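Trainee: Can you read through this structure? Questions will come right after.
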Amino acid sequence: MSGAAGALQARVLGQFRASHGGAPALVVQAPGRVNLIGEHTDYNDGYVLPCAIGYRTLVAARPRADTLVRVAAADCGGAVDSFDLADDPLPHAAAPWADYVRGMAWAMRDAGHALRGADLAIAGDVPQGSGLSSSASLQVAVGQAFKSLQGLDALDPTALARLAQRAENDFVGCRCGIMDQLISARGVAGHALLIDCRSLEATPVPLPRDVAVLIVESRISRGLVDSEYNRRREQCEAAARHCSVAALRDLDLASLEAGAAGLEATTLRRARHVVTENARTLAAAQALAAGDLDRVGRLMAASHASMRDDFEITLPAIDRLVDILANTIGTAGGARMTGGGFGGCVVALLPEERVEAARAAVQAQYRSPAGEPARVHLCRAGAGAGLV
Ligand code: GLA
């Protein structure tokens with residue numbers, strides 16, 4: 001176990017003891033994620049290529065004899081939320097973090113799982129508000145805790161991810177796709193997953209051994225995310241309806257252009273991003289598996305340009321950060337913004353021996369609009385949720 005993993009585990013156990021007394025029956029974890037390519041494609045039934053990362057949410061859990069759930073958050077000063085699983089409807093919590101916990105319990109109960117009460121403690125090290133899916137990892141970890149406590153073996157990782165997405169969509173109120181929850185539940189160590197977001201089939205794609213995954217936090221916390229996210233989603237759905245297909249996944253560039261007459265110009269550009277991004281994602285999975293980092297890098301550059309020009313979800317400072325990394329990496333890999341957009345992180349793939357040069361270039365050349373330096377994380381693709 002690495003030092004950071006040991007410290008996180010000590011923190012969740014300490015919080016459990018302080019809030020509930022004694023020791024938990026078990027500890028589970030679920031990771032955050034970084035998406036290598038395939039952005040805003042998941043809710044269009046398309047393709048994504050994320051990997052789970054070493055930053056995780058841990059949940060320590062012990063069953064109770066009643067229907068109460070008492071949950072303490074180490075990262076919120078030990079704040080405690082309590083709710084009763086017998087309450088119908090389940091009320092919302094005052095604190096946003098607690099709503100993710102309640103939402104997950106709500107979704108599991110609504111799907112017919114007879115949940116029993118539990119004492120829970122939570123601690124995580126996924127950077128929050130940076131687009132690395134700290135909330136999905138929290139929801140999946142809470143689901144995994146109930147699953148493990150009660151031996152809900154029929155609930156496979158895909159089913160757990162769907163329930164976590166349902167919690168986010170219908171309890172928390174964000175219309176996100178399935179990518180974040182699915183990679184958190186199903187990540188494979190050393191691999192990215194090529195996920196078909198229609199069938200939910202996931203194909204592990206090995207990351208070449210000497211290739212590093214670098215995550216660079218722009219330090220611009222994501223503004224306008226929910227409203228802009230939901231607007232993009234509506235535009236995509238409108239374009240699909242206009243072209244008489246179930247989802248943009250069902251179009252290639254030629255069929256989009258053929259059906260584009262009468263489609264408003266902005267909506268057409270949104271659709272063009274999704275359609276071309278699906279093609280890039282499939283190509284990138286192939287190139288990565290073949291170890292062709294030059295091609296992967298060119299696809300990442302095209303993905304970023306498409307997010308900037310057609311989908312309009314990047315910011316000038318993020319574009320600059322991508323340029324700094326791309327210039328340092330050259331043809332040996334690539335960089336692009338990752339996640340929902342409007343701030344957050346840039347992801348880079350590059351040979352391990354170039355990591356220090358990339359770090360130095362970012363340190364020397366980048367400041368956020370508020371004058372902050374970027375934070376750089378060197379990541380390994382990790383496994384999905386499970387017992388610790
Ligand atoms: C957020 C959502 C995902 C996905 C990405 C964009 O992370 O939660 O479902 O849509 O944005 O690719």
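The values are calculated or read from the model by the stated rules, or taken from the named source; none is laboratory data. What you see is a predicted model; the values in this text were computed from it and never measured. No Cβ is skipped: glycine too gets one built from the backbone with ideal geometry, and neighbour counts run over all protein chains shown. These accessible areas exclude ligands, DNA and RNA; they are computed on the full protein's heavy atoms, side chains included. Shrake-Rupley method; radii C 1.70, N 1.55, O 1.52, S 1.80 Å.
Trainee: Can you tell me which residues in the stretch 174-193 are within 17 Å of residue 380 (Cβ to Cβ), open to solvent by 10 Å² or more (accessible area, probe 1.4 Å) and hydrophobic (A, V, I, L, M, F, W, C)?
Mentor: Residues satisfying the conditions are 188, 189.
Trainee: Assess whether residue 10 counts as being surrounded by fewer than 16 Cβ atoms within 10 Å (Cβ to Cβ) and more than 16 Å from the ligand (Cβ to nearest atom).
Mentor: Judged against the criteria, residue 10 is a match.
Trainee: Any chance you could count how many residues in the stretch 304-344 are outside any helix (DSSP H, G or I) and either of a type in the set (Phe, Trp, Tyr) or surrounded by 19 or more Cβ atoms within 10 Å (Cβ to Cβ) (or both)?
Mentor: 17
Trainee: Given the options 212, 246, 254, name the one that is part of a loop (DSSP other than H, G, I, E, B), at negative phi and not aromatic (Phe, Trp, Tyr).
Mentor: Result: 246 is the single residue among 212, 246, 254 that is part of a loop (DSSP other than H, G, I, E, B), at negative phi and not aromatic (Phe, Trp, Tyr).
Trainee: Of the conditions (1) in contact with a Lys or Arg (Cβ under 8 Å, 6 or more places away or on another chain); (2) farther than 24 Å from residue 349 by Cβ, residue 105 fails just one. Which one is it?
Mentor: (1)
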